[in-house]
RNA sequence: UGGGGUGUAGCCAAGGGGUAAGGCAACGGACUUUGACUCCGUCAUUCCGCUGGUUCAAAUCCAGCCAUCCCAGCCA
């Protein structure tokens, strides 16, 4: 919404680009965001999205979306749809939506070209044998016995692979590079494998699919990408990326630059673990408000601008890091504080009877929608003899520095009147059931003409005009910052109290008719967003984030 | 034990020979009809991973060391 447009901080990627521009390597800049459609986008992707789009923006270039769909067995259109929706929601307009699969013909031609150059060969070794031949960290690999097949034989075999003559895994096409390279990626990497699987975009046209290492540089080249930004784990792949482009004489070649991926403490961003959570019903779905997915955060009420701001604030570097979740929350609070209307709500109601208020009488009180933004106008709130306040806004025996309600103490009811607690009722168990107060009719609006001050201001909801709601409080889904990698133990890291449902919460009457996606600050209680599953009969409200509180 | 990266405050992160930006968190205080927000102040006085070296001057250059991350998918 009101995103403040400021100069984005410069980073090391810009230095590389400036250098390339200065050397005349490229005329204009083009980037791409290349997710594989095998899951929903999460906050880590948001960083990559922001980096790719803002880098292109900075140089007046374009950024495309490319669905990196070279492994059909794991992919699905459900994911491509969600990816497109999430990127748009984040506020980025890609110039084009492309699919790696739309380059399959081109990539295939490149493979043929490599074979003809004697730089690629069909290998009949099994997966295990290839692994064995590849060597180890300290031991060089050895050449495949099929490495020196003739160009004619390779061409014939590769064509027959493509025609579906062989079963899955029977043969692969490999680049002929160097089995003794210290970099495993250069030890004759597999570039095409047989997979008799229908592809979500190309159907049954192909039964051989290119590997990432082969498809990626060629897809970048096909799109005229100039800077291929990716995460650190692909650093070891760069020599191979460059090898393909060099051998295939692609000029100007796109340049790969790696940056550190985002790690957020208490968050799960591993796709495998996210699938585990969804598949086992531990969360309600990919958009469960506890998930670190874009859709989960959206449902939780995080504004897109806050996520963009977060990505700006964490910076871009190559250092491994774990960002504190509190920074994301700070961004969310900053945005919501500036944009959210305020309202009153009582999550745990305690009835208050104002004994000297006329029986059956009600009045309308005008309250600012946002005190800091008078231009947003006012709303009407009903005041009546019986109201509800928050249960913890009353203490029989006040602790030190407690300045809300306790017997004999006077407080202000926000925008309404000064009230003084005169007595309280309890049930057999000792639980306070009702408060009795007297009000000062002279203090309407919240100020006393005699100038006396009160230290506490309470939020309240009328007993005769309110909206009932179910409020969901979310805590961290994970207790431990970095759960172990094996799914067998992931359960022990899950916080069973990550979701608390509060029934029978009361909102001020004016909130009747609020809709999914509406966000409010319930004063002194935090920011809240109406859930997508919310209906008029069953109002479900997610707590987006708490307020900072200096009072414990 | 091979190769490729990275080490600046509790957490991110600028700075690339001239005397350590900024943000989050934290801690004081002011203000407040939200204990919010806002505002003011404090927060690396040769510990810029460590040890040496070069220099008038080093977080920045050099050497060695230490720590840590990534790589042996027909995943991306």
Return the pairs, sorted by first residue and then second, in which the second residue is in a strand (DSSP E or B) and away from RNA strand B (no atom under 13 Å from the Cβ), the first residue lies in the stretch A:55-70 and is under 21 Å from residue A:39 (Cα atoms) and free of Cβ contacts under 8 Å to residues at least 40 places away in the same chain, the beta carbons are less than 6 Å apart, and the residues are 6+ apart or on different chains. A:65/A:97
Can you tell me how many residues in the stretch A:401-416 are more than 9 Å from RNA strand B (Cβ to nearest atom) and part of a loop (DSSP other than H, G, I, E, B)? 4
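Looking at residue A:261, is it surrounded by fewer than 16 Cβ atoms within 10 Å (Cβ to Cβ) and near RNA strand B (Cβ under 10 Å from one of its atoms)?
Values: surrounded by fewer than 16 Cβ atoms within 10 Å (Cβ to Cβ): no; near RNA strand B (Cβ under 10 Å from one of its atoms): yes.
No, not satisfied.
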When the stretch A:381-402 is checked residue by residue, the ones that are surrounded by 14 or more Cβ atoms within 10 Å (Cβ to Cβ), over 19 Å from residue A:433 (Cβ atoms) and in contact (Cβ under 8 Å) with a residue 12 or more places away in the chain are A:381, A:382, A:383
Cβ-Cβ under 8 Å pairs, at least 6 apart or on other chains, the stretch A:113-137 side at negative phi and touching a residue at least 60 places away in the same chain (Cβ under 8 Å), far side near RNA strand B (Cβ under 7 Å from one of its atoms) and assigned to a loop (DSSP other than H, G, I, E, B): A:123/A:171
Of the numbered conditions (1) surrounded by fewer than 13 Cβ atoms within 10 Å (Cβ to Cβ); (2) touching a helix residue (DSSP H, G or I) at 6+ places or on another chain (Cβ under 6 Å); (3) modelled with pLDDT of 95 or more, residue A:430 fails exactly one; give the number of that condition. (2)
Taking the conditions exactly as written (away from RNA strand B (no atom under 11 Å from the Cβ), farther than 17 Å from residue A:55 by Cβ and surrounded by fewer than 23 Cβ atoms within 10 Å (Cβ to Cβ)), does residue A:242 satisfy them or not? yes
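Counting only residues that are within 10 Å of RNA strand B (Cβ to nearest atom) and surrounded by fewer than 22 Cβ atoms within 10 Å (Cβ to Cβ), how many does the stretch A:175-188 have? Before you say what the answer is, go through the steps one by one.
Initially, the stretch A:175-188 is screened for residues within 10 Å of RNA strand B (Cβ to nearest atom), giving A:180-188.
Narrowing further to those that are surrounded by fewer than 22 Cβ atoms within 10 Å (Cβ to Cβ): A:180-186.
Matching residues across the stretch A:175-188 total 7.
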Could we say that residue A:103 is over 30 Å from residue A:321 (Cβ atoms) and either within 14 Å of RNA strand B (Cβ to nearest atom) or exposed (fewer than 15 other Cβ atoms within 10 Å of the Cβ) (or both) here? yes
Criterion first (more than 10 Å from RNA strand B (Cβ to nearest atom), surrounded by fewer than 20 Cβ atoms within 10 Å (Cβ to Cβ) and more than 16 Å from residue A:240 (Cβ to Cβ)) does residue A:148 satisfy it? yes
Run residue A:504 past the list (1) in a loop (DSSP other than H, G, I, E, B); (2) touching a strand residue (DSSP E or B) at 6+ places or on another chain (Cβ under 9 Å) and report the number of the one that doesn't hold. (1)
Going residue by residue through the stretch A:213-229, is there one that turns out to be touching a strand residue (DSSP E or B) at 6+ places or on another chain (Cβ under 6 Å) and within 8 Å of RNA strand B (Cβ to nearest atom)? no
For residues that are more than 15 Å from RNA strand B (Cβ to nearest atom) and not in a strand (DSSP E or B), tally how many sit in the stretch A:353-377. 7
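Return the only residue of A:328, A:350 being in a strand (DSSP E or B), surrounded by 13 or more Cβ atoms within 10 Å (Cβ to Cβ) and more than 6 Å from RNA strand B (Cβ to nearest atom).
Details: A:328 fails: in a strand (DSSP E or B).
Being in a strand (DSSP E or B), surrounded by 13 or more Cβ atoms within 10 Å (Cβ to Cβ) and more than 6 Å from RNA strand B (Cβ to nearest atom) holds for just one of A:328, A:350, which is A:350.
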What number of residues within the stretch A:498-519 are at pLDDT 95 or above and surrounded by fewer than 12 Cβ atoms within 10 Å (Cβ to Cβ)? 4
Residues of the stretch A:520-547 that turn out to be away from RNA strand B (no atom under 16 Å from the Cβ) and free of Cβ contacts under 8 Å to residues at least 60 places away in the same chain, as a count: 6
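Each row is one residue, and each column tells you yes or no for (1) away from RNA strand B (no atom under 16 Å from the Cβ); (2) farther than 30 Å from residue A:148 by Cα; (3) in contact with a strand residue (DSSP E or B) (Cβ under 9 Å, 6 or more places away or on another chain); (4) not in a strand (DSSP E or B).
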site: A:84; (1), (2), (3), (4): yes, yes, yes, yes
site: A:88; (1), (2), (3), (4): yes, yes, no, yes
site: A:95; (1), (2), (3), (4): yes, yes, yes, yes
site: A:111; (1), (2), (3), (4): no, no, yes, yes
site: A:115; (1), (2), (3), (4): yes, no, yes, yes
site: A:122; (1), (2), (3), (4): no, no, yes, no
Long-range neighbours under 6 Å by Cβ, at least six apart or interchain, first residue closer than 17 Å to residue A:29 by Cβ within the stretch A:1-19, second at pLDDT 90 or above and near RNA strand B (Cβ under 9 Å from one of its atoms): A:11/A:316
On the basis of being assigned to a loop (DSSP other than H, G, I, E, B) and near RNA strand B (Cβ under 9 Å from one of its atoms), does residue A:450 make the cut? no
Note down all Cβ pairs under 8 Å where the first residue falls in the stretch A:312-334 and is under 17 Å from residue A:9 (Cα atoms), the second is more than 6 Å from RNA strand B (Cβ to nearest atom) and outside any helix (DSSP H, G or I), and they're at least six residues apart or on different chains. A:312/A:8; A:312/A:9; A:314/A:262; A:315/A:9; A:316/A:259; A:317/A:259; A:318/A:258; A:318/A:259
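The values are calculated or read from the model by the stated rules, or taken from the named source; none is laboratory data. Keep in mind that this is a model prediction, so the values were computed, not measured. Positions of Cβ are backbone-derived with ideal geometry, glycine not excepted, and every protein chain shown enters the neighbour counts.
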